[in-house]
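Reading through the structure tokens given below for one structure.
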Amino acid sequence: MLYDITRTLSPRTAVFPGDTPVSIVPTLQMRAGDACNVTAITMSAHAGTHVDAPRHYSDDGAGIDAVPLDALIGPARVVTLDVAGAITVTDLQNAIRNTRYATRDTRLLNAQFSILNFTRLLIHTRASEVSDDVWDDAFAYFDPEAAEWLGANGLRLIGTDAPSVDPAASKDLPAHKAFLKHGVIIVENLCLRGVPDGEYELIALPLKIAGNDAGPARVVLRR
Ligand SMILES: [Zn+2]
């Protein structure tokens, strides 16, 4: 079973306020007597579902063509979080606990949290209910401490259905930077509508654009 968790790109795709909209213009058209159909695409590298490269928040960071592919393919955990505003360490611990073990022994639970048993985590929030052509900046983002906690616990990839891991108005991007510090790759603008929580194989492959700050990606989950 495959789940396509990619948002559809079109000229209606919602982008960050002020960012370049998606434009798809035919340059050859069979209807007009050309031999084939060809289009030219102009868009922000962060439009729709995409993978952020470290270059996005650091001039010295790796470009999208240098992001390790093995982090982008492999087992992943999908967890629903019904959070508005900042996702905290406690939110993550509660959600992971609910999908993992039904035990009331808090000593056991705390021991289980010392190491995550997954290295790729996709967060399913209300943002998945927002359609591709609507910009809604009231999305859940990561408290920098939560990003730090995930990175320190060995996470390699974080995916979110929100347009960013930081608030829309953030200028200093503290969650991006906390993930970067630990080498955690960020995938944004997923659509997890209809995807049950659980374990999957993730395949998230961004376009190979030399030295770029991000790459649009087709992202799928396989049961
Ligand atoms: Zn981005």
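For region 42-58: of the residues being part of a loop (DSSP other than H, G, I, E, B) and out of contact with any Ser or Thr (no Cβ under 7 Å at 6 or more places or on another chain), which is nearest to the ligand (Cβ to nearest atom)? Don't jump to the end; show me each part of the working.
Taking region 42-58 first, the residues part of a loop (DSSP other than H, G, I, E, B) are 43-49, 53, 57-58.
Keeping just the survivors that are out of contact with any Ser or Thr (no Cβ under 7 Å at 6 or more places or on another chain) gives 45-46, 53, 57-58.
Details: Ala45: 8, His46: 4, Ala53: 9, Tyr57: 9, Ser58: 14 Å.
Here the residue is His46.
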field: Where a residue in region 59-73 is under 15 Å from Asn212 (Cβ atoms) and its partner, wherever it lies, is among the polar types (S, T, N, Q), with Cβ under 8 Å and at least six apart
entry: Gly63/Asn212; Ile64/Asn212; Asp65/Asn212
query: Name the residues in region 12-22 that are exposed (fewer than 12 other Cβ atoms within 10 Å of the Cβ) and either more than 19 Å from the chain's Cα centre (by Cα) or without any contact (Cβ under 8 Å) to a residue 24 or more places away in the chain (or both), would you?
result: Gly18
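Right, Val83: more than 16 Å from the ligand (Cβ to nearest atom) and aliphatic (A, V, I, L, M) or not? Walk me through it before giving the result.
Numbers: more than 16 Å from the ligand (Cβ to nearest atom): yes; aliphatic (A, V, I, L, M): yes.
Spelling it out, Val83 is indeed more than 16 Å from the ligand (Cβ to nearest atom) and aliphatic (A, V, I, L, M).
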- request: Tell me, please, whether a residue that is within 15 Å of the chain's Cα centre (by Cα), in a helix (DSSP H, G or I), within 16 Å of the ligand (Cβ to nearest atom) and crowded, with 23+ Cβ neighbours inside 10 Å can be found in region 117-130.
  value: no
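Examine region 15-22 for a residue that is among the hydroxyl-bearing types (Ser, Thr, Tyr) and in contact with a strand residue (DSSP E or B) (Cβ under 8 Å, 6 or more places away or on another chain), and state whether such a residue exists. Walk me through it before giving the result.
Within region 15-22, the subset among the hydroxyl-bearing types (Ser, Thr, Tyr) is 20.
Next cut, in contact with a strand residue (DSSP E or B) (Cβ under 8 Å, 6 or more places away or on another chain) only: 20.
Taking every residue of region 15-22 in turn, at least one turns out to be among the hydroxyl-bearing types (Ser, Thr, Tyr) and in contact with a strand residue (DSSP E or B) (Cβ under 8 Å, 6 or more places away or on another chain).
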Single condition Gly183 does not satisfy, out of (1) more than 14 Å from the ligand (Cβ to nearest atom); (2) out of contact with any Pro (no Cβ under 9 Å at 6 or more places or on another chain); (3) small (Gly, Ala, Ser); (4) part of a loop (DSSP other than H, G, I, E, B): (2)
- request: Could you tell me which numbered condition Ile209 fails, if it satisfies all but one of (1) touching a residue at least 60 places away in the same chain (Cβ under 8 Å); (2) within 13 Å of the ligand (Cβ to nearest atom); (3) among the β-branched types (Val, Ile, Thr)?
  value: (2)
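Just so you know, all these numbers are worked out from the coordinates, no wet-lab data involved. Model, not experiment: these values are computed from the prediction. Cβ atoms come from the backbone with ideal geometry, glycine included; neighbour counts cover every protein chain shown.
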